[in-house]
1. With respect to V631, determine if the residue is touching a residue at least 24 places away in the same chain (Cβ under 8 Å), within 22 Å of A677 (Cβ to Cβ) and buried (at least 23 other Cβ atoms within 10 Å of the Cβ).
2. Anything in segment 686-731 that is under 19 Å from A606 (Cβ atoms), of a type outside the set (V, I, T), in a loop (DSSP other than H, G, I, E, B) and at pLDDT below 75? List them, or say none.
3. Go through segment 533-561 and count every residue that is small (G, A, S), at pLDDT below 90 and touching a helix residue (DSSP H, G or I) at 6+ places or on another chain (Cβ under 7 Å).
4. Return a yes/no flag: does segment 479-493 have any residue that is assigned to a loop (DSSP other than H, G, I, E, B), over 30 Å from A679 (Cα atoms) and of a type in the set (A, V, I, L, M).
5. Which of the residues spanning segment 634-649 are closer than 12 Å to T480 by Cα and surrounded by 21 or more Cβ atoms within 10 Å (Cβ to Cβ)?
6. Return a yes/no flag: does segment 291-299 have any residue that is assigned to a strand (DSSP E or B), at pLDDT below 85 and out of contact with any strand residue (DSSP E or B) (no Cβ under 8 Å at 6 or more places or on another chain).
7. Can you pull out every residue in segment 652-684 that is assigned to a helix (DSSP H, G or I), surrounded by 18 or more Cβ atoms within 10 Å (Cβ to Cβ) and either basic (K, R) or at pLDDT 85 or above (or both)?
8. Quickly run through segment 496-515 and pick out the residues that are aliphatic (A, V, I, L, M) and either modelled with pLDDT under 90 or not assigned by TED's automatic domain parsing to the domain that holds V566 (or both).
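The values are calculated or read from the model by the stated rules, or taken from the named source; none is laboratory data. Being a predicted model, the structure only gives us computed values, none of them experimental. Note that we place each Cβ from the backbone using ideal geometry, even for glycine, and neighbour counts take in every protein chain shown.
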Amino acid sequence: MQPGADPARSSADPARPQTEVELAVTGMTCASCVARVEKKLNKIPGVTAIVNLATEKAHVEWADAAGPSDADLVGTVEKAGYGATVLRRITTDDAGERTVQASEAARGAEEAAARAASARVADLRRRFWAALVLSTPIVAVSMAPAWQFPGWQWAVGALSLPVAFWCGWPFLKAAWRAGRHGSTTMDTLVALGILASMGWSAWALLWGGAGRIGYTMGMTGIHGLGHSGTPHLYFESAAFIVTFLLLGRWLESRSRRSAGDALRSLLDLAPTTATRVRREGGGVVEETIDAAELEVGDEFLVRPGETVATDGLVVEGESAVDASLLTGESIPVDVGPGSKLTGGAVNTFGALTVRAVRVGEETTLARMGRLLTEAQTGKAPVQRLADKVSAVFVPAVIAIAAIAFATRLALGNPLEMALASAITVLVVACPCALGLATPTALLVGSGRASRLGILIKGPETLESAHGVQTIVLDKTGTLTTGTMAVSAVRPAEGVGERELLAAAAGVERGSEHPIAKAIVALAHERGIEPKAVESVAARAGNGVEGILDGRRIAAGTARWLAEEGVEGASGLGGEPGASVVGVALEGSLLGAFDIRDAVRPESAAAVAELKSLGLHPVLATGDNEAAASAVAAEVGIDDVRAGILPEGKVGIVEELRAAGQKVAMVGDGVNDAAALAGADLSIAMGSGADVAKEAADITVVSSDIRSVGAAIRISAQTLRIIKENLAWAFGYNVVAIPVAVAGFIVPGIAAAAMASSSVIVVANSLRLRRA
């Protein structure tokens, strides 16, 4: 399914009915799990399934009227070895009408999934720190003969037990579950490495002679049954494997649900209740109902400070509505009878009666949620490369070890030597380097980025950052501060600037409007005391007025002041893209203010850097053409798309991608979330809405737009390091396994080689500190 596609039409003829089912899936730990669940679901006739590890959900759809029942779908997932709960079933009829049936277990499943994710991260953190504390003396004593006190091997063996079997339990459990259902994953190799190291070490300690007091062991030379009287111990190998792989799994689990959090944050904007109004007997009856119960045509009340329950038209009342989280528009929009409202917008001061025109799945918020969900469903080849290879690699390694064991017995080698040979193959093929390849590079790369005020979500980002050609930039909160500020004070002839500012701040200081706040803030900044203005009253859509020293003072739009007979008001100009506020006292113009969303001082330099990286910048904003063009000219952008609604931003991204461009998107508001999720690379400014940050691949915490170029550079370099690490890890196994089979190395050397491969991977990742 392509980002932005309507799921109701993605795999079916528009004239035919279609059914969609959303499942919550539990127990998945890696891309191999995702592939297994998808494979099982897609075997159902006529079904197309996409499983999302980040959201831990499966989206299943089919075109025929008949199809599998909820029980069939849940049973199929359970047969794959995982748990499932039906969240909702959506049917689309011939006319394209969508009917949503939410499962009674849906809310409980969502809450349980959130709790389980948090518990999983906490559990991995505890196991990692326990493994680190216990593994430090295990590895130190095992590798340094000078520290090996009498009976040291028994102490190391005792410390290794909780590391291998408690700290390493997540790997062992996952490998057992996969094995029970006839599959293998990366956890299978990890478990084999742990068990092979521990099993051999236990045998050597109890029956092989390594348990005698006075036994010492080094990490160099030839060790094994064929070369010395006592075998080598591999407790440190098991500890090494568990500790480093727990670190990687912990880091991965911390960010796994971030995409799902973005969707939940978006949907949380919708209020849960609404005040429906009915006209009876010449009066109005109010009743509080669940917002989901609203139907098209219902009228509902929106009081000051409340959130609009659903998309509708204003029937009565006048106010200003703050839709910044949805449209990116920094100034509240004045509304009155006939004005359109979007669910999720916030009413600022006047009571409104609104008639619902879209409800449920058809609202703007719901459509944005669907776009975000679809855009998030994707596969990152670099992230799942190791798991794809392991599907063949793990059975092959096991088979090679078995063949080596049988061959040595057939050639007349001692049983101990045959066993040592088989274990050597398993130990040398331990996927420690494979497990470290991605998380260590990500850890170092993201650490370097964080020092520059940049947070990188995960490996998918690295794939997306490579080769970006076009970058779409939001205006408000990205290139600008997102806060209204006075850019020019223009007193009339004979009026002082301080006098104008004191009078304007006096009449505006009781208002919550962003423009009023900007004027009052400037007065405070300059140490000017606002004049005492009485009987202040707001004039919706026009401005405010009051009484100053017995005379009428008004501050508002040039149009309104001109209608009120203020001479010179109609000729008030202003900076391009600025809002102009005129101030008049008793019909005489005192002056005017130009107010605009201030451009960040670093924006021009940031755009210049992006151009130097070969990127084509595009400005896309919900603001008007004048405001957008003014900002674009100031920062050096030629390609401007103004008056863009949330779905329009998604359209711009899709249009550029359809033209063959690899697109990055930079934004900060909820209105940017779907476009961020649909882009090849998404970057959110840290000052923006949480949903934008959660939907993005990269977050610029410092809100310094100059960090965008650095983020792209670091991401590309981190991707290159990961590919180098994986190439080394696979290449190492290609060479090491045949050498182990041939008998040129034995378990001790195999363990050292395995450790060396991991050290090389880590050392290569550390190069990113200079990125």
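1. So V631 fails the test.
2. G686, S687, G688, A696, S702, S703
3. Selection size over segment 533-561: 2.
4. Yes.
5. Once the filter is applied, which keeps residues that are closer than 12 Å to T480 by Cα and surrounded by 21 or more Cβ atoms within 10 Å (Cβ to Cβ), segment 634-649 yields only V635.
6. No, every residue in segment 291-299 fails to be assigned to a strand (DSSP E or B), at pLDDT below 85 and out of contact with any strand residue (DSSP E or B) (no Cβ under 8 Å at 6 or more places or on another chain).
7. Listed by number, the residues that qualify are I652, V653, E654, L656, R657.
8. I515
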